[in-house]
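Every read-out reported here was derived from the displayed coordinates using simple, explicitly stated rules and does not represent laboratory data. Here the structure is a predicted model, which is why all the values come from computation and not from measurement. Neighbour counts are summed over all protein chains in view; Cβ atoms, including those assigned to glycine, are modelled from backbone coordinates with ideal geometry.
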There are 2 protein chains.
Amino acid sequence: MKFSQFYAPSTKETPKDASLPSHIFLVRAGFIEQIGSGLYNFLPLGKRVLDKIRAIVKEEMDKAGAQEVNLSFVTPASLWQESGRYNVFGKELLRFKDRKENDFVLGPTHEEAMVSLVKNKITSYKQLPLHLYQITWKFRDEARPRFGLLRCREFLMKDGYSFHKNEEDLTREFDLMYETYSRILQRLGLNFRAVEADSGAIGGSGSKEFMVLAKNGEDDILLCENCDYAANIEAAKRAKKTCNKERPEANFASKFHTPNIKSIKELADFFRIDEFYTIKAVVKKAIYENESKLVVFFIRGCDDLQEVKAQNACKALELMDADESELLNAGLVPGFIGFVGLKNIDFYLDKELENEKQMIIGANEKDYHLVGIDVVNLNQDRFKDLVEVKENDCCLKCGGKLRKSKGIEVGHIFKLGQKYSKAMNAHFLDENGKTQAFYMGCYGIGVSRLVAVAIEASHDEKGCIWNQTLAPFTIDIIISNIKDEEAFKFANQIYQQLQDLGIEVLLDDRNERFGVKMNDFELMGFPYALVIGKGLQNNEVELIQRENLSKEIIKTDHVIENLKKKIL
Amino acid sequence: MKFSQFYAPSTKETPKDASLPSHIFLVRAGFIEQIGSGLYNFLPLGKRVLDKIRAIVKEEMDKAGAQEVNLSFVTPASLWQESGRYNVFGKELLRFKDRKENDFVLGPTHEEAMVSLVKNKITSYKQLPLHLYQITWKFRDEARPRFGLLRCREFLMKDGYSFHKNEEDLTREFDLMYETYSRILQRLGLNFRAVEADSGAIGGSGSKEFMVLAKNGEDDILLCENCDYAANIEAAKRAKKTCNKERPEANFASKFHTPNIKSIKELADFFRIDEFYTIKAVVKKAIYENESKLVVFFIRGCDDLQEVKAQNACKALELMDADESELLNAGLVPGFIGFVGLKNIDFYLDKELENEKQMIIGANEKDYHLVGIDVVNLNQDRFKDLVEVKENDCCLKCGGKLRKSKGIEVGHIFKLGQKYSKAMNAHFLDENGKTQAFYMGCYGIGVSRLVAVAIEASHDEKGCIWNQTLAPFTIDIIISNIKDEEAFKFANQIYQQLQDLGIEVLLDDRNERFGVKMNDFELMGFPYALVIGKGLQNNEVELIQRENLSKEIIKTDHVIENLKKKIL
């Protein structure tokens, strides 16, 4: 491709509201362009990268035996009503009416559509397993679209759905997808970890997220220093926390006057004990489909509430902060809430508190705490995993130290089990002639998101640094001065030769200053630039490697041979 | 691909409301499935065909120097307001609000988005020409979706937009696209004609439609028997019609009492002249953005009004029938409307009537006609091309006879000129440093529609007949009885060998009766079936060609060699 005819409008202007390198560089280099909040056009450079990712995803999915389909983007709302998600999914689900006032949604994911597709067509266990996938544009009406392609509203996703006759076969496919996703990300040249994850609105019995490690990642993940345990902070587990400080003395319950105690720290200081032995209450307003109510979460004074865990514990659609007046209306005493004698309100305790002895808790009375409280005689269902795992907590698997890192989610695989098939009455006959609901898995990978992730993971202060697999062009031949006829001729010759070798090459034949061309090379981030300039008089050209901007002088006779070695 | 693992759920049930072979067979054979009115899922078979068409379109577009992009499907309404089409486009434009109550549309076409993309980035004639295209899903909220993929709401289209410094360069690109589209359709193996077309809602100064000839085509086209003239009936022109019958005698205007004359035929009989010498009035209600009004179209008694031409003549958004009460309210005298003395109403005359002499027209008075009327002294703007060209009319280019045929539109190329660039202030500096609006072309080809068109053009009573270019698989190896171990083994061997040769092969290894497998082969329409059955005892297999269902016995030793000759 000749640059003089190629549409790659680069700019020096940083898009407003852009803070992440991938957002800034992809827009500045003319890979993508914003057309509305969370809506992007892919220009030729961006489209080329997108196609490369798409091709690798397709190749690996096909190799794994999955079959590609294409489901309608516009989806009848009735399917979502059938599964029960129409009301549950929230405002991210874009709903609209057509000219005949029928209800539709723009598909953000396609569990329902896929179940509907195979329902009544796959009727026997003999037709299973089956794995169908698509690589299509999706829409989620994000509350706050930001970070360019990382949190946009219209995005390209590969979503696959598998159907099985039993849990074991689902597990086999889940493991196969684990390998497939790992291979895809390896081929894309990304540094990733598969982590334990929360299943969120998709639901199901287990899931793994694929995280690319990157400084600007939105997600916190915990990695064990010692073993292969890795988890999203929303789902991370730890070995039960212990404390080597002394336990409070009181071994029977008694009420203490604790005036002006406003924080856990003050409380611990007051009793001269470690915060570990106190229990704090965090009150949230839980939103359900048809109601909202206050819920109290009790955790150790030294821990923090993990909101996703808390939300899962009380099965709410969403958790919101509660203000003091709401607490008072509910009969709670802010600052002095404890589970003893607490009535008419839902509450949960962190599971590490079960059977703990001699704890200090609020007395549900202003300026009073209870001391010497044992966490016993409570309903088992109240104990849930509620706390945020932190750096230096211990690994549940091996006891090793956990470290915190930042990651960007690029894939998520789920064991859905029978959630959707049961809700939508999608059945088959098993070996014994019995009717069963399908066991399902679903597997998503963010194709357009990966364009940005690749740059988050690989850039410098000048711009993008693409690896050879993803680069829109492998090499950029820069003619320093197009009025130099010799250089122009030689460059065109090399251009032709490289093209004949099947190498993707851009020939910068624009009537621009050398500096402009170099800046574009660095900003757009092609792996190599071959500069054809004055050195040609001595039969020399310069090869620049984008990654480290290292330079190498090559004799004109050896150019093709040298590049073949590096690139092919 | 092994059929036992492949998802191609065929059925004997004809989808309700389906009348066209492509609709019936593509659904029955499991290529597509309807999920809502005008909404289709593509199953693996359909997706494979779609990908083949897409790949050929992309290859030819790239070869012609166009560059692929991907514009956001969800488009801000503001772009459509800027061009003025937001109100004009009608209900086919699906409008909706996002969670923040901002207005959006689902892109049915992307002139606006594409102009916005290059605006302020292409600023000089030196950056021109530029041709950007995309192959993406579009949505049109059709009033009456029908005919399967032929008139659906969500569809895959290749839409390209070119930008030029002047009309000449636009014409060069238009001609290049003419050739490109012709080559695409040739490669797809379709019998097509490029015809003169109406530009419709897209607008512009000229356009050509690509029509695949097919019995069930929605469009009427007129083809010259003698030269290459071809046109959609909406745009067809003819040599001025003549009549060798005698002209009415009266050579001065006079009023005749014509009671009980209710039709043109009665009128002609009454005066004993040919209908050619009468002028009839057709009254329509023309709908505009902010008003609607009656418009009268005068044409020869022997002609019919062509509605699209009439609509273009009065520049209405839509034409509707007017009822008698509306005519009376407007002061018209139904059955006796003539242009002489007609006041306070818009009217147009067919251009062939200009300067006609001694005509008979309505007198605008009940039971009276005027005779001996010359069509003179009328404003030039009132004369428009209004009549429907018919079979046996004469070709405007060569005078040959025109023949009528049925076609299905698969592509449409437009010279848009400066319509959109002017409306959206998209300018560049020309060679003289003057600001000019871009000259634009746009070029669409219906990718998902072509899947159906291929079957409309090629099927029999048993099902689809795919050519080798489009077939989802080239050959279907049918094992008559999978319990026959020898046959099973040999079939798998041939399957492997053909795959190694890069031939797309389906191995029907299902535990089904032979009849079921043959029916599926005929319904799905792969070019070849290789039946491996009892003949294997004599080292013989049977090759069936789908097109004519001809059979050929082949010795097992020669199978690969024979197939290589036929397929590669």
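Here chain A is scanned for chymotrypsin sites (Phe, Trp or Tyr not before Pro) in DSSP loops (not H, G, I, E, B) that have at most 15 other Cβ atoms within 10 Å, and the longest stretch holding none of them is A:289-568.
Once the other residues with Cβ under 14 Å from the Cβ of A:Asp169 are scored (Lys, Arg +1; Asp, Glu -1), what is the net sum?
That works out to -2.
Projecting the Cα positions of A:Ala286, A:Ile261, A:Phe298 onto the charge dipole of segment A:237-332 (unit charges on Cβ atoms of Lys, Arg, Asp and Glu, taken about the Cα centre) puts A:Phe298 furthest along the positive direction.
Peptides B:17-23, B:32-38, B:59-65 ranked from most to least packed by the mean count of surrounding Cβ atoms within 10 Å: B:32-38, B:17-23, B:59-65.
Partnerless cysteines in chain B, where a partner means another cysteine C-beta under 4.7 angstrom, comprise B:Cys152, B:Cys243, B:Cys302, B:Cys314, B:Cys394, B:Cys442, B:Cys464.
Taking Cβ atoms as reference points and 9 Å as the exclusive limit, the residues near B:Glu391 contribute a net charge of +3, counting Lys and Arg as +1 and Asp and Glu as -1. Measuring r between the beta carbons of B:Lys237 and B:Ser78 and using R0 = 25 Å, the FRET efficiency lands at 0.05. Remark: B:Asp393, A:Asp367 ranked as A:Asp367, B:Asp393, counting other beta-carbon atoms within 10 Å and listing the fewest first. Its relative contact order, with pairs defined as Cα atoms under 8 Å and 6+ residues apart, puts chain A at 17 percent.
Taking only Cα atoms, what is the 0 to 90° angle, nearest 10, from helix A:485-500's long axis to the longest principal axis of chain A? Relative to chain A, helix A:485-500 is tipped by roughly 60 degrees. Pairs with C-alpha atoms separated by more than 31 Å, drawn from the list A:Lys215/A:Lys534; A:Lys351/A:Lys434; B:Lys121/B:Lys158; A:Lys97/A:Lys419; A:Lys422/B:Lys16; A:Lys309/B:Lys100, are A:Lys215/A:Lys534; A:Lys351/A:Lys434. Looking down the axis that turns chain A into chain B, the chain A residue with its beta carbon nearest that axis, and the gap rounded to whole angstrom, comes out as A:Phe96, 2.
Computed FRET efficiency, Cβ-Cβ of A:Asn511 and B:Glu167, R0 30 Å: what is it to the nearest 0.05? Between A:Asn511 and B:Glu167 the formula returns 0.70. The 3J(HN,Hα) values that the Karplus relation (6.51, -1.76, 1.60; θ = phi - 60°) gives for segment A:441-456 are, in residue order, x, 9, 9, x, 9, x, 6, 5, 4, 4, 4, 6, 4, 4, 7, 4 Hz. Gly and Pro appear as x. Averaged over the residues of peptide B:96-103, the number of Cβ atoms from other protein chains lying within 10 Å of each residue's Cβ is 5.
Tally Lys and Arg at +1 and Asp and Glu at -1 over the other residues with C-beta under 14 Å from the C-beta of A:Val115: what net charge comes out? It would help to have the intermediate numbers written out before the result.
Values: positive: A:Arg85, A:Lys119, A:Lys121, A:Lys419, A:Lys422; negative: A:Glu82, A:Glu111, A:Glu112, A:Asp159, B:Glu33.
Residues near A:Val115 contribute 0 overall.
Label segment A:263-401 by shape, choosing from rounded, prolate and oblate, from the square roots a ≥ b ≥ c of the eigenvalues of the Cα gyration tensor; if a/c is under 1.5 it is rounded, and otherwise prolate applies when a/b is larger than b/c, oblate when it is not. Oblate, since a/c reaches 1.5 and b/c is not below a/b. Per residue of peptide A:71-79, the mean number of Cβ atoms on other chains within 10 Å of the residue Cβ is 6. If I take R0 = 45 Å and measure r between the Cβ atoms of A:Asp460 and B:Lys343 in this structure, what FRET efficiency does the formula 1/(1 + (r/R0)^6) give, to the nearest 0.05? It comes out at approximately 0.05. A simple spin-label model places the labels of A:Glu59 and A:Glu266 6.4 nm from each other, with each point 7 Å out along Cα-to-Cβ. Legend: ranking of residues B:His459, A:His257, A:His412 from fewest to most surrounding C-beta atoms inside 10 Å; resulting order A:His257, B:His459, A:His412.
Measuring nothing but how far apart in sequence close Cα pairs (under 8 Å, 6+ apart) lie, relative to its length, segment A:378-535 scores a relative contact order of 19 percent. With label points defined 7 Å past Cα in the direction of Cβ, position B:Gly84 shows copy-to-copy spacings of 5.4 nm, given to one decimal and shortest first.
Applying 0.36 nm per residue to the separation of A:Glu486 and A:Asn191 and subtracting their alpha-carbon distance, the gain on full extension is 101.8 nm.
Over the residues of chain B, the helix contribution to mean residue ellipticity at 222 nm works out to -7500 deg cm²/dmol, using -39500 (n - 2.57) for each DSSP H run of at least 4. Compute the helix-to-body angle for A:167-187: its Cα long axis versus the longest principal axis of chain A, expressed 0 to 90° and rounded to tens. With rounding to tens, the tilt is 40 degrees. 3J(HN,Hα) along segment A:79-93, derived from phi through the Karplus expression 6.51 cos²θ - 1.76 cosθ + 1.60 where θ = phi - 60°, amounts to 5, 6, 5, 4, 7, x, 8, 4, 8, 7, 5, x, 6, 5, 7 Hz, with x in place of Gly and Pro. On full extension, the segment bounded by A:Glu92 and A:Ala143 gains 17.6 nm, given 0.36 nm per residue less the C-alpha separation. At full extension, B:Lys126 and B:Asp500 could sit 129.7 nm farther apart than now, given 0.36 nm per residue minus the alpha carbon distance.
For a test of the definition: using alpha carbon positions, the gyration tensor, and the 1.5 limit on a/c, classify segment A:33-153 as rounded, prolate or oblate.
oblate
Counting Cβ atoms of other protein chains within 10 Å of each Cβ in A:30-42 and taking the mean gives 5.
3J(HN,Hα) couplings calculated from phi for segment B:355-371 with the Karplus curve 6.51 cos²θ - 1.76 cosθ + 1.60 (θ = phi - 60°) are, in sequence order, 6, 5, 10, 6, 8, 10, 9, x, 9, 6, 8, 4, 6, 9, 10, 9, 10 Hz; Gly and Pro show x.
For chain A, the square roots of the Cα gyration tensor eigenvalues, ordered a ≥ b ≥ c, give a/c of at least 1.5 with a/b greater than b/c, which places it in the prolate category. Plainly put, the tip 7 Å out from Cα toward Cβ on B:Asp367 is 11.0 nm from that tip on each other copy, the closest given first. Pair-distance distribution of segment A:207-264: all C-alpha pairs, bin width 10 Å, starting at 0; shares per bin in whole percent are 14, 29, 20, 20, 17, 1. Taking the Cα centre of the protein assembly as shown as origin and assigning +1 to Lys and Arg Cβ atoms and -1 to Asp and Glu Cβ atoms, the resulting dipole is close to 100 debye. Sorted ascending by nearby beta carbons within 10 Å, beginning with the fewest, A:Glu547, A:Glu68 become A:Glu547, A:Glu68. Measuring against 22 Å, Cα to Cα, the residue pairs B:Lys126/B:Lys208; B:Lys284/B:Lys366; A:Lys237/A:Lys262 contain B:Lys126/B:Lys208; A:Lys237/A:Lys262 as the ones spanning a longer distance.
Using a 7 Å projection from Cα along Cα-to-Cβ, the label point at B:Lys241 is separated from the same position in the remaining copies by 9.2 nm, smallest value first. Value of Rg to Rh for the protein assembly as shown, rounded to two decimals, is 1.04; Kirkwood radius and Rg both from alpha-carbon coordinates. The alpha-carbon atoms of segment B:519-568 define a convex hull whose volume equals 71 cubic angstrom per residue.
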